[in-house]
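Participant: I'd like to ask some things about the structure below.
Computed from the coordinates by the stated procedures, all read-outs in this text should not be read as laboratory data. Only a predicted model underlies this, so the values are computations on that prediction, with no experimental measurement involved. Using ideal geometry, Cβ is built from the backbone for each residue, glycine included, and neighbour counts are taken over all protein chains shown.
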Amino acid sequence: MKLQFLGATDTVTGSKYLIEHDKARVLVDCGLFQGYKLLRLRNWEAPPVKPSSIDAVILTHAHIDHSGYLPLLARQGFRGKVFCTPATYDLCRILLPDSGHLQEEEAEYANRHKLSKHKEALPLYTREDALRCLKLFHPIPYDKDWQPVPGLHARMTPSGHMAGSSFVRLDDGSRSILFSGDIGRPQDLMLKPPVQMDGADYLVVESTYGDRLHKNSDPLLELGKVINRTAARGGVVVIPAFAVGRAQSLLHCIHLLKAQGVIQDIPVYLNSPMAASAMQVYLKHKSELKLTPAECEAMAHTAHIVQSPEESRLLNARHGPMVIVAASGMATGGRVVHHLKAFAPDKRNTILFAGYQAGGTRGASIAGGAPTVRIFGEDVPIRAEVAMLDDLSAHADAGEIVSWLKGFKAPPRQTFITHGEPAAADAMRQRIERELRWNVHMPFYLETVTLR
């Protein structure tokens, strides 16, 4: 068995791991590279492995950095099956067509404003490409054994990162390998904790927060403070939020804050049709949540859903106090970018980040203290308060990852650290070596290893 790292090395995006077993090829995750332009350009390069030679894809979860390359893979010749959990399939039915639509919008905008260095800007893939690739999906329930290719057994187990997220374990009878995907948090407000795994001969583990610990604070209290001090200024809280997972968590928190009387009953807007659709998926798969049926209903009705682009534009002319939750989570695109352009220059307002900001993204620039950011060809001043709410992160921190690893019945023969910026991945490597004394390796892009 061979393992090749086609992404998520020295970065938190582009997760793709190729397993070669006998003459078969299985790709675990199929994500887009995001962030720095040097990484994003990889999405446009010829794939390092011929897509038609891949027999199956297994997704750990639906986020675009794990699933977003699938429409292009299928357009380039992949005809195998895509395996994932039912909730992941339901979310991909929302995320992938939306991703294609955004690609088309960005290309059209670049052409209209003559921003492309090429004769004509083209989308990486289209909404139609995404819809076609969805025909390849084959949902598999949690904790069921199946064979993606003959002789290779697979099993998906809840990882607690988002609805449908899973650990993926592959076993050929002689050796096994476990892919962590993104590991959730044991005390998440909405999701049940990651299932403790027994381990495997080989492990590929994420390291998004490998160099830090989440603050030991109450996210409800912190969120309430941000909303209250912004409301006291008559300001607007703009929250760039991942449409799947984070947006739902935020609305649950805002409902609790209002119910407890911590914040006043100010208007709350969810400006993301995709987040509204994802809410319905969460309600459909509520067995994966900690919430009661009543809490699920309250979460779904906490915000006014902004439907049309015109309604979205009108929000920019409103005054606070109010809260706007809008995608995307790293402010790389979507409706939140228009809100940032409108509200970031006013010191009464607040930009609140509630998740990881990958290097090279607009969100990372703002969170890092940039005085201006480029939006639609203009340098927009950042005079608004900038706040962070890491405790709502759906990623386990370094301590939580190590605690999960300590539950393994035996050390893996080799542990591979991926899905982290270089500093975070190396910190994770050192901590595992120091505390667990495991054999650890940080793979490089396109590296191939033999699993004996």
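Participant: Sequence-distant or interchain residues sharing an amide H contact under 5 Å with ILE305, placed H: which?
Facilitator: Long-range HN contacts for ILE305: LEU270.
Participant: Cα convex hull of the chain: mean projected area in nm², to one decimal?
Facilitator: 20.0 nm²
Participant: Sticking with this structure for a sec: Express the C-alpha Rg of region 346-452 as a ratio against the empirical globular expectation 2.2 N^0.38 Å, rounded to two decimals.
Facilitator: 1.46
Participant: Here's another thing I want to ask about it. Taking amide H atoms as placed 1.01 Å from N in the peptide plane, list the residues 5 or more away in sequence, or in a different chain, whose amide H sits under 5 Å from that of SER176.
Facilitator: The answer is ASP201, TYR202.
Participant: Check ALA56: other-chain or 5+ apart residues with amide H under 5 Å from its amide H, H built from backbone geometry?
Facilitator: Hits under the 5 Å cutoff: ARG25, LEU27.
Participant: If packing is taken as the average count of other Cβ atoms within 10 Å, what order do 226-233, 275-282, 162-169 fall into, highest mean first?
Facilitator: Top of the packing list down: 162-169, 275-282, 226-233.
Participant: Follow-up question, since we're still on this one. Take each of the peptides 421-431, 300-310, average the number of other beta-carbon atoms within 10 Å over its residues, and list them starting from the highest.
Facilitator: 421-431, 300-310
Participant: Which distance in Å, rounded to a whole number, links the C-alpha centroids of region 1-79 and region 142-216?
Facilitator: 18 Å
Participant: Still on this model: May I have the extent of the alpha carbons of region 219-392 along their three principal axes, as whole Å values ordered from largest to smallest?
Facilitator: Principal axes ranked by extent give 45, 31, 30 Å for the Cα atoms.
Participant: Tell me, what HN-Hα J-couplings in whole Hz come from the Karplus equation 6.51 cos²θ - 1.76 cosθ + 1.60 at θ = phi - 60° for each residue of region 385-392, using x for Gly and Pro?
Facilitator: With the stated coefficients, region 385-392 comes to 4, 10, 10, 10, 10, 5, 5, 9 Hz.
Participant: Follow-up question, since we're still on this one. Rg and Dmax of region 234-305, using alpha carbons, in Å: what are they?
Facilitator: For region 234-305, the Cα-based Rg and Dmax read 12.0, 39 Å.
Participant: Next up: Evaluate the distance, in nm, between pseudo-label points positioned 7 Å from the Cα of ARG437 and of VAL262 along their respective Cα→Cβ axes.
Facilitator: Label-label distance for ARG437 and VAL262, simple model: 4.3 nm.
Participant: Could I ask something else about it? Would you calculate, for the chain, the mean residue ellipticity at 222 nm contributed by helices, counting each DSSP H stretch of 4 or more residues as -39,500 (n - 2.57) and dividing by all residues, to the nearest 500?
Facilitator: -9000 deg cm²/dmol
Participant: Provide the packing ranking of 257-263, 1-7, i.e. peptides ordered by the mean count of other C-beta atoms within 10 Å per residue, highest first.
Facilitator: Packing order, densest peptide first, comes out as 1-7, 257-263.
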